[in-house]
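Since the structure comes first, as structure tokens, the remarks are kept for the end.
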Amino acid sequence: MLLKEKPFLAVLLFFLVVFPIKSNDTVKPIGFIEAARMAVDSSDDLKTEFAMQAVREGAWRLGLRAYLPVLSFNAAEDDRLSEIGQDTFQKTYTVNMEQFLFDGGRTSTTWAIEKAELSIMSTELERRILSVADAALTAYRSVLSARTMLDIREAVLLSLIEQRRILSEEVNMGLALEADLIEADISVSEANIEILSLKIQLEEAEQQLAEGLGVKILPPLAEKVDIYRRPVLPVNGSVRSAAQARNPELISAQHAITKRRVEARYAAMSWIPTLRMTAGVSITGRKYPLNRASWSVGLVVDFSSPWFNSRLGGSYGWEPPYEKTARTQGTITPLPDPASGLTAKNSELALALETIKYDLAFERIGRNVEMALEKCYLTERKRELAVDSLSLASERLKLSELRLQLGQITRIDLMDAEVKYAQREIEAVEIAIALLQAERELEAMMDLPPGGLENFVSQQLRLGR
């Protein structure tokens, strides 16, 4: 009835059926680099840390306010009623200004310490970013490994089922034993169990990767496990120097040394006196408009030490039209804080400790990156041996098929050969995944992005030429 009442709906339905709308919302496959970026972009912890770091940097920039004069405004009204004498009413408005002329470098040193702390926090944030990205890459590789091994197991299962079918026919024809059929059933059951385990493992890996990427549905993955891929690895000396120059841990240690050095300089300058200028303007009177004004200018010298503090100040002022004022004042406080006399020594010891820690980390990073490179070479050698072993297993499988046709072995032996060949495939996949992991560990030590090792080697070759 609706289509008869509204003919245009019938026409629209016709075009939708005959000429369906093609969706352009195709999801682009993601590779290692895209996965790392998605993981970093979706991390709520990193977003909070970025925001906090921006706030801290903004507060540090506002620290320039310490170099500017400090103004204060004061308004007061003093009324006194007397039963014997004269009542007094006094209204006062005052503007005061205080400006450091010389503070012994304390303000600039404090600013430098805060800057060093911000650099340390920024380096730690970069290390957390790498940690989040590496966790996503590990989950990515786990998914690739599980999917590849599942494909291998499923292919073997299909072959075993076919061999079992043929064996069943041979048993019916009296060409094989019933015990062989039981062995075939056991092999098929074991293959099914392996597939179920891999499916559970794959589901967990996909869920972990989706959570790391911040998505509900895992997008297609562009990377594949290539057991024949040869990695591009640098030479030994270049990785050591690059890691020692760019490693995030060493950069953080350098910022820590800078902070300790500035703190030691700050402690060493604590005895230097400070000089500041004060100025004030006041307007007073009994009633509005106020008719009496005064001003004053002064200098204050402060000297602080663990053994005594002293302050010496003087000011000069004028209360127009006839009165001028002058004031001097001195204060000494003995033994204000004797324990602070050890601050400079503690700062020197802390600086020496940070320097020792940096030297140890410098050598340790150099050794670790060389070991990581050696691990890559050894894993690459394992990959080559696994590929050779897989090739031999393939030849053995073909030979087993030929021997079965000649009647030299049973079909159960052929099924065992297929299972062993699949195991060699899985071992090659595991080694290829381990090689990817070893390469990423080397890249992380050298502060390289995922996949940046090849670009680093190319750059070294260009510089070498």
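Every number in this text was worked out from the coordinates using simple rules, so none of it is lab data. Treat the numbers as computed from the prediction; the structure is a model and nothing was measured. Cβ atoms come from the backbone with ideal geometry, glycine included; neighbour counts cover every protein chain shown.
Place +1 on the Cβ of every Lys and Arg and -1 on the Cβ of every Asp and Glu in segment 342-465, take the dipole about the Cα centre, and give the residue among L406, I426, A444 whose Cα lies farthest towards its positive end.
The listed residue farthest towards the positive side: L406.
Go through 41-48, 454-461 and give me the packing order, highest mean Cβ count within 10 Å leading.
The most tightly packed comes first, giving 454-461, 41-48.
Can you work out the Karplus-derived ³J(HN,Hα) for every residue in segment 50-57? Use 6.51 cos²θ - 1.76 cosθ + 1.60 with θ = phi - 60°, whole Hz, and x for glycine or proline.
My calculation for segment 50-57 gives 4, 5, 5, 5, 5, 5, 4, 5 Hz in order.
Taking the Cα centre of segment 416-465 as origin, sum charge times position over the Cβ atoms of Lys and Arg (+1) and Asp and Glu (-1), and report the length of that vector in debye to the nearest 20.
Result for segment 416-465 is approximately 360 debye, rounded to the nearest 20.
How much length would be gained if the chain were fully extended between Y316 and L399, taking 0.36 nm per residue of separation minus their Cα-Cα distance, in nm to one decimal?
Result: 18.8 nm gained on full extension.
Considering all alpha-carbon pairs of segment 98-218, what whole percent are spaced by more than 22 angstrom?
Working: 4674 of 7260 pairs.
Here the tail beyond 22 Å accounts for 64 percent of pairs.
Can you tell me the Rg and Dmax of the chain, counting just the alpha carbons, in angstroms?
My reading of the Cα-based Rg and Dmax gives 40.0, 139 Å.
In angstroms, what radius of gyration and Dmax does segment 69-117 have, counting Cα atoms only?
Spelled out, the Cα radius of gyration and Dmax of segment 69-117 are 21.5, 66 Å.
In µm²/s, what is D for segment 230-291 at 10 °C and 1.306 mPa s, where D = kT/(6 pi eta Rh) by Stokes-Einstein and Rh is the Kirkwood radius from Cα pairs?
87
Once the piece of chain linking V301 and L177 is laid out straight, how much longer is it, given 0.36 nm per residue of separation minus the C-alpha distance between them?
Values: separation 124, 0.36 × 124 = 44.64 nm, distance 10.87 nm.
Here the segment from V301 to L177 would lengthen by 33.8 nm.
What distance in nm lies between label points placed 7 Å from Cα along the C-beta direction at T331 and A245?
Distance between the two pseudo-spin positions: 5.6 nm.
Starting from 0.36 nm per residue, how many nanometres of slack lie between L406 and I166 once their C-alpha separation is accounted for? Walk me through the numbers before you get to the answer.
Working: separation 240, 0.36 × 240 = 86.40 nm, distance 1.62 nm.
Roughly 84.8 nm would be gained on extension.
For an R0 of 60 angstrom, estimate the FRET efficiency from the Cβ-Cβ distance between T92 and A210 and round to the nearest 0.05.
0.30
So what's the gap between the Cα centers of segment 177-193 and segment 78-136, to the nearest angstrom?
80
Nearest 10 degrees, 0 to 90: what angle lies between the long axis of helix 452-464 and the longest principal axis of the chain (Cα atoms)?
Long axis of 452-464 versus the principal axis of the chain: about 80 degrees.
What FRET efficiency, computed as 1/(1 + (r/R0)^6) with R0 = 22 Å and r the Cβ-Cβ distance, is obtained for R37 and V232, rounded to the nearest 0.05? All intermediate terms of the calculation are to be shown ahead of the outcome.
On the way: r = 22 Å, r/R0 = 1.02.
That gives a FRET efficiency of 0.45.
Helix 106-172 versus the longest principal axis of the chain: what is the Cα-based angle in degrees, 0 to 90, to the nearest 10?
Helix 106-172 sits at roughly 10 degrees to that axis.
Along its three principal axes, how long is segment 104-152 when you only count alpha carbons? Whole Å, largest extent first please.
73, 7, 5
As an exercise, take the mean of 1/r over every pair of distinct alpha carbons in segment 380-465, invert it, and state the Kirkwood radius in angstroms.
Computed over Cα pairs of segment 380-465, the Kirkwood hydrodynamic radius comes out at 15.7 Å.
Note down the magnitude of the dipole of the chain about its Cα centre, charges +1 on Lys and Arg C-beta and -1 on Asp and Glu C-beta and zero elsewhere, to the nearest 20 debye. Don't skip to the answer; put the middle values down first.
Working: 55 positive and 65 negative charges, 499 e Å.
For this selection, approximately 2400 debye.
For a protection proxy built on the mean count of beta-carbon atoms within 10 angstrom, sort 228-239, 427-438, 120-131, 168-179 highest first, please.
427-438, 120-131, 228-239, 168-179
How large is the helix-only mean residue ellipticity at 222 nm for the chain, computed as the sum of -39500 (n - 2.57) over DSSP H runs with n ≥ 4, divided by its residue count, in deg cm²/dmol to the nearest 500?
Helix-only estimate at 222 nm: -22500 deg cm²/dmol.
Averaging over all projection directions, find the projected area of the Cα convex hull of segment 375-424 and quote it in nm² with one decimal place.
Details: hull surface 13.2 nm².
That works out to 3.3 nm².
Can you compute the FRET efficiency between A75 and T107 using 1/(1 + (r/R0)^6), with r the Cβ-Cβ distance and R0 = 25 Å? Round to the nearest 0.05. All intermediate terms of the calculation are to be shown ahead of the outcome.
On the way: r = 30 Å, r/R0 = 1.21.
E between A75 and T107, to the nearest 0.05, is 0.25.
Please list 415-422, 313-320 highest first by mean number of surrounding beta-carbon atoms within 10 Å per residue.
Descending packing order for the listed peptides: 415-422, 313-320.
Among the listed pairs K115/K357; K115/K259; K398/K420; K287/K324, which have their C-alpha atoms separated by more than 18 angstrom in this model?
K115/K357; K287/K324
Could you check how many percent of all C-alpha pairs in segment 353-395 are farther apart than 11 Å?
70
Cα atoms only: what Rg and Dmax, in Å, come out for segment 22-122?
29.0, 102
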